[in-house]
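A quick write-up on the structure given underneath.
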C-alpha cells in the first residue's frame, strides 16, 4: 500500500492485525526494505494484541527514491573519517534523519494514528529517537535496537568489517545482488548463524529493492550528518527499551550502553548474548517479549529475560 504524504513524498507500507489495537510502528535500518521485519516477527506482535505497521523508508524499496539529489559529493570522505573513528566532518546531506522522521509521522497521519509505539533498528533506532524527541506526545513507547545516540566519541565498528561492507555487487543482476546481500547478512549477523530460509528472503528483498547505489549513499549521508542526541535524550519520560547484541561488530555495544545511559530514568538496556547487528529469528521471542513488557509497563522492574542493566 502507498501513502502519499503532504510533503510530496510517498511511502510504501504494510499492516498486520486490527487497526483498533495499539499501534507498533517498525522502522528499518540503512538500505533495507520493510521485508527485513519478517512476517513471523510481525505476527508475534499481532498475537500479543497490537496493530503492526512496517514500511520502506525513503530511498528504499517501493517508497520514493530521491534521485533528483544525485550522489552526495562528500560521501567517500565522510565514510573514511567515520571508519577511522574520528570526528565526522560537516556533511552536506540532501535530507536528514529529521526528514525521515517526518515521513514516519506522515505515515501515521495517513493511517489516522495519533500515538504509536516505536521500534527501530540501527538507522531506524536513530529515526525513532528523533521522533520521540520531536513529538513526544505522539510516541507511546520507544524501543531502540542496535542503534546509537549519534555521539562522535563512541567507538567505531571494526574497520575490516566496514571496508568489506563498502564493496558493491559484481553486477546489477539478480544473482550477483543476491550473493552480495547474502555475504553482507553473514557479516552483520555474526556471531549468530544465518537462518535456514535466508535464501528466500534474500531473493525477495533483491527483487523488491531496485539497484540504486546513490539511494543508499543518500541515506548513509543522513546518518553521518546526524546530530548528537545525548544532551536531549534525558528529557524523554516515556517507557524506553534499548536492545543490543553483545557481538555487534558494526555498532559496538558501547553505543547501546550510551543510549540507555543518556535516556536515564527507567530506561532499560537489554544485552543479548550471541546476537550481532541483526536480530535473527532465534531472538524473536525474547525481543518481542521485551517490547511488549516495555509497552505495557508504567513503573517498577521489567523482566526482559536477558542481561539487563539500569
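The values are calculated or read from the model by the stated rules, or taken from the named source; none is laboratory data. Keep in mind that this is a model prediction, so the values were computed, not measured. Glycine also receives a Cβ, built like all others from the backbone with ideal geometry; neighbour counts cover every protein chain displayed.
A few notes on this one:
- Of the residues making up segment 243-284, those that are modelled with pLDDT of 95 or more and on the phi > 0 side of the Ramachandran plot number 2.
- Every listed requirement among (1) touching a residue at least 60 places away in the same chain (Cβ under 8 Å); (2) in contact with a strand residue (DSSP E or B) (Cβ under 8 Å, 6 or more places away or on another chain) is met by residue 269 save one, (1).
- Looking across segment 258-283, the residues that are outside any loop (DSSP other than H, G, I, E, B) and under 13 Å from residue 240 (Cα atoms) come down to 259, 260, 261, 262, 263, 268, 269, 270.
- Residue in segment 55-62 that is at pLDDT 95 or above, closer than 12 Å to residue 108 by Cα, touching a strand residue (DSSP E or B) at 6+ places or on another chain (Cβ under 9 Å) and not in a helix (DSSP H, G or I) present: yes
- Checking each residue in segment 198-214 for being in a loop (DSSP other than H, G, I, E, B) and out of contact with any helix residue (DSSP H, G or I) (no Cβ under 9 Å at 6 or more places or on another chain) picks out only 210.
Matching residues to (1) touching a strand residue (DSSP E or B) at 6+ places or on another chain (Cβ under 8 Å); (2) at pLDDT 95 or above; (3) surrounded by fewer than 19 Cβ atoms within 10 Å (Cβ to Cβ):
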| site | (1), (2), (3) |
| --- | --- |
| 157 | no, no, no |
| 163 | no, no, yes |
| 170 | no, no, yes |
| 176 | no, yes, yes |
| 179 | no, yes, yes |
| 185 | no, yes, no |
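- Apart from one condition, residue 310 fits all of (1) at pLDDT below 95; (2) touching a helix residue (DSSP H, G or I) at 6+ places or on another chain (Cβ under 9 Å); (3) at positive phi; the exception is (3).
- Extreme residue, nearest to residue 276 (Cα to Cα), among residues of segment 110-139 that are surrounded by fewer than 19 Cβ atoms within 10 Å (Cβ to Cβ) and in contact with a strand residue (DSSP E or B) (Cβ under 6 Å, 6 or more places away or on another chain): 115
Residue by residue, here is whether (1) free of Cβ contacts under 8 Å to residues at least 40 places away in the same chain; (2) part of a loop (DSSP other than H, G, I, E, B); (3) touching a helix residue (DSSP H, G or I) at 6+ places or on another chain (Cβ under 7 Å) holds:
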{"residue": "169", "(1), (2), (3)": "no, yes, yes"}
{"residue": "177", "(1), (2), (3)": "yes, no, yes"}
{"residue": "182", "(1), (2), (3)": "yes, no, yes"}
{"residue": "193", "(1), (2), (3)": "no, yes, no"}
{"residue": "216", "(1), (2), (3)": "no, no, no"}
{"residue": "223", "(1), (2), (3)": "no, no, yes"}
{"residue": "227", "(1), (2), (3)": "no, yes, no"}
{"residue": "243", "(1), (2), (3)": "no, no, yes"}
{"residue": "251", "(1), (2), (3)": "no, yes, no"}
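- Within segment 63-76, the residues that satisfy the criterion of being surrounded by 13 or more Cβ atoms within 10 Å (Cβ to Cβ) and modelled with pLDDT under 55 are 74, 75.
- Residue 238 meets the stated requirement of being part of a loop (DSSP other than H, G, I, E, B), in contact with a strand residue (DSSP E or B) (Cβ under 6 Å, 6 or more places away or on another chain) and crowded, with 18+ Cβ neighbours inside 10 Å.
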